[in-house]
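Read the structure below first, then the notes.
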Amino acid sequence: MEDRADLLRQIPAVHELAEALRQKFPKAPERLITAAARNATDTLRREILEGKRKELSREEALSRAESFLAEKLRPNLRRVINATGVVVHTNLGRSLLPQEAVEAVKEIATRYSNLEFDLKTGKRGSRYVHVEEILLELTGAEAALVVNNNAAAVLLTLNTLAAGKEVIVSRGELVEIGGSFRIPDVMARSGAILREVGATNRTHLRDYEAAINENTALLMKVHKSNYAIVGFTKEVSGKELVELGRRYGLTVVEDLGSGCFVDFSRYGLPKEPTVQEVLATGVDVVTFSGDKLLGGPQAGLILGRKELVAAIRKNPLNRAVRIDKMTLAALEAVLALYRDETEAISKIPTLAMITKKPEEIKKEALRLKRRLKRALPQDVTLQVVETISRVGGGALPLASPRSYAVALKSTRLSAAALEEALRRASPPVIARIEEDTLLLDLRTVLPVEHPEIVAALTKIFNEAGGDCSYPVDH
Ligand SMILES: *Cc1c(COP(=O)(O)O)cnc(C)c1O
């Protein structure tokens, strides 16, 4: 008890810590300075009372207050290093924009633009024309509209074309994607009535046909983005649905989820129908995301028949889900890259990462391993191991691209402790644990991030204490 009372007396006063912080961060708001100083003294007091702390220096107290303040001052939304190997990682921001798109955003965001101004006539123009032409050129669609995201695209399409009427969907396609987007729920909110047909694993064309009645508005196909039904299965193709739709005068809509313009089967991945192919089957309206396989900004793209897209554009709900100018600028720049597939593959980060060759990744893994070996204490075991990446983002669910990772093991830190410490690094490094080993999958790590990973791990092991014998060679 005596010791604790002594230790407690050594905690600097709040005003003293605050003064030190003021010296060091002259621009920080007073409110945050006092909060950080108070936070530091409170935690130190708690640690002492809980017996977790046996000594305390003034420097330690100050450094604690400084980290509290630094944390308050830095933005909440921060970049991280994605070492998970999941390319379109929904929780980590999905797609990275190519430089071309970033430049376009910067220019349009910091200057006035012809967003809704027709430069030829000097009259009010439409924000939707800027990307329509290039979308038609790339896909062969009759008309195009872009909105905030694909969830909005689906909602708007259903609300326009089927409010108060029935939409026939296969039971095998009633998907839920991350963030609680469920087709049945979106359908309900759109005012359309869901008419489920078939069984989970098998739906036949006759199931759709039997459900058609005078109140049917649409036949809908939903892409099974994040799962696959395997085994005894039967799925009706978009083409068959189109034929059925034509016979009964019904519109066919397909929610492609992560639509793509590039045939990934040419790069050794499973076949996903491209937007062009789906439109060619005669589907009347397709919707898909801008930031999944397309590799652009968050957006929802609606392509299809002229009169249908026109009706969707006129829906008053469109104003509530409209696309903003920065997104438009980024999207136009990304779409322009698709005019040349080789350029698209090399410049759009999502495509570059998905198609990256395992041998290339292995080279980068070996390079990172060498750098880590030089920097880390000897009790850390480093190995380059073969692993499987994921495309992610509800795209290509069956794809398992071969990849390479640097595997780390240490006698001082468990894989879980390492994973957490890396998450708290600056910038945070998000890694994966497999069989009690920490893996850094190099498919999604940019070469410029290697030194940052080395720095983060060096700091972690320096602070971990305990037995650390540094290598003497190199
Ligand atoms: C991802 C996805 C959506 C939602 O798209 P967001 O762009 O995330 O709004 C809708 N439908 C399917 C099938 C999807 O895969």
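The values are calculated or read from the model by the stated rules, or taken from the named source; none is laboratory data. Since the model is a prediction, treat every value here as computed from it, not as a measurement. Quick reminder, even Gly has a Cβ in these numbers, built from the backbone with ideal geometry, and neighbours come from all protein chains shown. Ligands, DNA and RNA are stripped out before the accessible areas are found, and what is left, the full protein with its side chains, is counted by its heavy atoms. Shrake-Rupley method; radii C 1.70, N 1.55, O 1.52, S 1.80 Å.
Within the stretch 177-190, residues that are more than 15 Å from SER289 (Cα to Cα) have Cβ atoms under 7 Å from residues that are surrounded by 12 or more Cβ atoms within 10 Å (Cβ to Cβ) and charged (D, E, K, R) in these pairs: ARG182/GLU176, counting only partners at least 6 apart in sequence or on another chain. Only one entry of ALA20, ALA40, ALA28, ALA36 meets the criterion of being open to solvent by less than 40 Å² (accessible area, probe 1.4 Å), assigned to a helix (DSSP H, G or I) and in contact (Cβ under 8 Å) with a residue 40 or more places away in the chain, and that entry is ALA20. Number of residues in the stretch 55-73 that are of a type in the set (D, E, K, R) and in contact (Cβ under 8 Å) with a residue 24 or more places away in the chain: the value is 5. Please verify whether ALA344 is in a helix (DSSP H, G or I), among the small types (Gly, Ala, Ser), open to solvent by less than 30 Å² (accessible area, probe 1.4 Å) and in contact with a strand residue (DSSP E or B) (Cβ under 6 Å, 6 or more places away or on another chain), treating the condition exactly as stated. So ALA344 does not fit the description; no.
Within the stretch 289-317, if we keep just the residues that are within 16 Å of the ligand (Cβ to nearest atom) and surrounded by fewer than 20 Cβ atoms within 10 Å (Cβ to Cβ), the residue that is farthest from SER190 (Cα to Cα) turns out to be GLN298. Filtering the stretch 77-91 to residues that are touching a residue at least 12 places away in the same chain (Cβ under 8 Å) and farther than 18 Å from PRO397 by Cα leaves ARG78, ARG79, VAL80, ILE81, ASN82, ALA83.
Checking THR327 against (1) open to solvent by less than 60 Å² (accessible area, probe 1.4 Å); (2) under 30 Å from LEU244 (Cα atoms); (3) part of a helix (DSSP H, G or I), which test does it fail? All conditions pass for THR327, except number (2).
Here is a yes/no grid of residues against (1) buried (at least 20 other Cβ atoms within 10 Å of the Cβ); (2) in contact with a Lys or Arg (Cβ under 8 Å, 6 or more places away or on another chain):
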site	(1), (2)
THR157	yes, no
ARG189	no, no
ASP207	no, no
ILE212	no, no
ASN215	no, yes
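Of the residues in the stretch 153-170, at least one is within 13 Å of the ligand (Cβ to nearest atom), free of Cβ contacts under 8 Å to residues at least 60 places away in the same chain and more than 22 Å from the chain's Cα centre (by Cα). Of everything in the stretch 110-132 that's free of Cβ contacts under 8 Å to residues at least 24 places away in the same chain and open to solvent by less than 50 Å² (accessible area, probe 1.4 Å), which residue is nearest to ILE302 (Cα to Cα)? Among them, the one singled out is GLU132. All of ASP207, ASP255, ASP263 fail the test of being within 22 Å of the chain's Cα centre (by Cα) and more than 16 Å from the ligand (Cβ to nearest atom), apart from ASP263.
Of all residues in the stretch 256-275, those that are crowded, with 17+ Cβ neighbours inside 10 Å and not in a loop (DSSP other than H, G, I, E, B) total 4. Within the option set THR160, THR121, being at negative phi and touching a helix residue (DSSP H, G or I) at 6+ places or on another chain (Cβ under 8 Å) holds for one residue only, THR160.
Within the set GLU60, GLU55, GLU71, the sole residue that is in a helix (DSSP H, G or I) and open to solvent by 90 Å² or more (accessible area, probe 1.4 Å) turns out to be GLU71.
Do we have LYS363 as without any contact (Cβ under 8 Å) to a residue 60 or more places away in the chain, surrounded by 17 or more Cβ atoms within 10 Å (Cβ to Cβ) and not assigned by TED's automatic domain parsing to the domain that holds THR139 here? Against the criterion (without any contact (Cβ under 8 Å) to a residue 60 or more places away in the chain, surrounded by 17 or more Cβ atoms within 10 Å (Cβ to Cβ) and not assigned by TED's automatic domain parsing to the domain that holds THR139), LYS363 does not qualify. All conditions but one from (1) open to solvent by less than 40 Å² (accessible area, probe 1.4 Å); (2) within 15 Å of the ligand (Cβ to nearest atom); (3) not acidic (Asp, Glu) apply to ASN149; the one that does not is (1). Restricting the first member to the stretch 374-386 and to residues that are touching a residue at least 60 places away in the same chain (Cβ under 8 Å) and in the same structural domain as ALA455 (by TED's automatic domain parsing), and the second to residues that are buried (at least 17 other Cβ atoms within 10 Å of the Cβ) and small (Gly, Ala, Ser), the beta-carbon pairs closer than 8 Å and six or more apart or on different chains are ASP379/SER410; VAL380/SER410.
Residues considered: VAL242, VAL283. Of these, the only one that is in a loop (DSSP other than H, G, I, E, B) and either at positive phi or more than 24 Å from the chain's Cα centre (by Cα) (or both) is VAL283. Residue-level check: of (1) in contact with a strand residue (DSSP E or B) (Cβ under 7 Å, 6 or more places away or on another chain); (2) within 16 Å of the ligand (Cβ to nearest atom), VAL186 misses just (1).
Taking each residue of the stretch 279-291 that is over 14 Å from VAL154 (Cβ atoms) and in the same structural domain as GLU240 (by TED's automatic domain parsing) and looking for partners that are of a type in the set (S, T, N, Q) and within 8 Å of the ligand (Cβ to nearest atom) with beta-carbon atoms closer than 7 Å, six or more apart or interchain, yields ASP291/GLN298.
Exactly one residue out of LYS369, LYS373 is assigned to a helix (DSSP H, G or I) and open to solvent by 70 Å² or more (accessible area, probe 1.4 Å), and it is LYS373.
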